[in-house]
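The structure appears right after this line, and notes come after that.
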Amino acid sequence: MTEWQCLTVKCQCLRMRLRNCGVLDIRDCTASAQKVVSALSAYDIPHEHLLTRDIRRRFPMFNVSDKDQAIYDPNGGLIRADTALAAFQKMFKQFGGTLHDKELVRSVKPGSPAKVVTSCSIYAASSVVIAAGPWTGKFASALGLSLRLQPIKVIPMYWRIKPGQEEAHQSGKFPCFIDARGETKGSFDMYGLPCEEYPGLVKFMSVSLKFPEGHGFKLAPAVGKAVAELVTGREPTYNMKPFKIGRFDTLAKL
Ligand SMILES: Cc1cc2nc3c(=O)[nH]c(=O)nc-3n(C[C@H](O)[C@H](O)[C@H](O)COP(=O)(O)OP(=O)(O)OC[C@H]3O[C@@H](n4cnc5c(N)ncnc54)[C@H](O)[C@@H]3O)c2cc1C
């Protein structure tokens, strides 16, 4: 069971909308498809490797060439960020956590204890996790860390579904998709979702290969678990070596 599925089971009362519509990852050559197949196989993740004729038969709404292949992950899907965040917050409070919403963090001062200065108060803590998303660089530089973080603007786009094809683009019939055919050409990838947000529109986003992004939310339960294990001194579930702060080649003053 994935971390998201565990959370969905624990938060049934919230009816967190995890739509299990599958993910279709389209590639334009065998080498590129094989990379995905190898990664999924290494972790025993169920998947199907589809050739052009299979894609055309099962997912006729995708325009593929004779060389294209795809990997279908039947466990993939989409989740509504608002209900997911509400679920996280509910569980956090159930386990004794206190939320301080609408409180601006002005600075974090390392030490024993560390101090967090906000617009409302000053807090002392044995550990502080900075999870400020695109604003993280501001806190990091104040702590003497040079992390080379660069926020980039992402604009969601919507395709209008051709009249008469609305039904075929609903979740259940239309999967989430990653179109990675730009990878070998050095251009951009795209990913998108079934018609969910607005009637008659399919959402998609382009992802620059220079600055890969747009994957942070789906990893959130696993990242949260890894961070919680770090700050509470428990044995890490995941291999944390690739995420060591030293990967930024920085001089930390912490
Ligand atoms: C248009 C778009 C589409 C995306 N689509 C996907 C997708 O399909 N799948 C996916 O997995 N990911 C997607 N992402 C990426 C995902 O949203 C991010 O990776 C994820 O939200 C990162 O979570 P975070 O908690 O690290 O940061 P954030 O979600 O950015 O949260 C940071 C929080 O810190 C708060 N904060 C900052 N500074 C302060 C301060 N001084 N005091 C108090 N609070 C502060 C901010 O208000 C914010 O609430 C998308 C992103 C965008 C922009």
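The values are calculated or read from the model by the stated rules, or taken from the named source; none is laboratory data. From a predicted model like this one, the values you see are computed outputs, not experimental measurements. Here the Cβ positions follow ideal geometry from the backbone for every residue, glycine too, while neighbour counts run over all protein chains shown.
If we keep just the residues of region 139-179 that are surrounded by 12 or more Cβ atoms within 10 Å (Cβ to Cβ) and among the charged types (D, E, K, R), which is farthest from the ligand (Cβ to nearest atom)?
Within region 139-179, the match that is farthest from the ligand (Cβ to nearest atom) is E166.
Does at least one position in region 33-49 carry a residue that is aromatic (F, W, Y) and modelled with pLDDT of 90 or more? Don't jump to the end; show me each part of the working.
Pass one, region 33-49, residues aromatic (F, W, Y): 43.
Narrowing the set further to residues that are modelled with pLDDT of 90 or more leaves 43.
Yes; the residues of region 33-49 include at least one that is aromatic (F, W, Y) and modelled with pLDDT of 90 or more.
Using beta carbons and a limit of 6 Å, which pairs, at least six apart or on different chains, have the first residue in region 164-183 and among the polar types (S, T, N, Q) and the second one assigned to a strand (DSSP E or B) and surrounded by 18 or more Cβ atoms within 10 Å (Cβ to Cβ)?
These pairs meet every condition: Q170/C195.
Going by what's in this entry, would K185 be described as surrounded by fewer than 12 Cβ atoms within 10 Å (Cβ to Cβ) and at pLDDT 90 or above?
Answer is no for this residue.
Have a look at D54, D25 and point out the one that is without any contact (Cβ under 8 Å) to a residue 24 or more places away in the chain and either under 20 Å from the mean Cα position of the chain (by Cα) or surrounded by fewer than 16 Cβ atoms within 10 Å (Cβ to Cβ) (or both).
Going through D54, D25 in turn, the sole match is D54.
Could you count how many residues in region 200-219 are more than 11 Å from the ligand (Cβ to nearest atom) and either surrounded by 14 or more Cβ atoms within 10 Å (Cβ to Cβ) or at pLDDT 65 or above (or both)?
Residues meeting the conditions: 4.
Can you name every residue in region 62-78 that is part of a loop (DSSP other than H, G, I, E, B) and within 14 Å of the ligand (Cβ to nearest atom)?
G76, G77
Could you tell me which residue of region 79-133 is nearest to the ligand (Cβ to nearest atom), considering only residues that are charged (D, E, K, R) and assigned to a helix (DSSP H, G or I)?
That would be D82.
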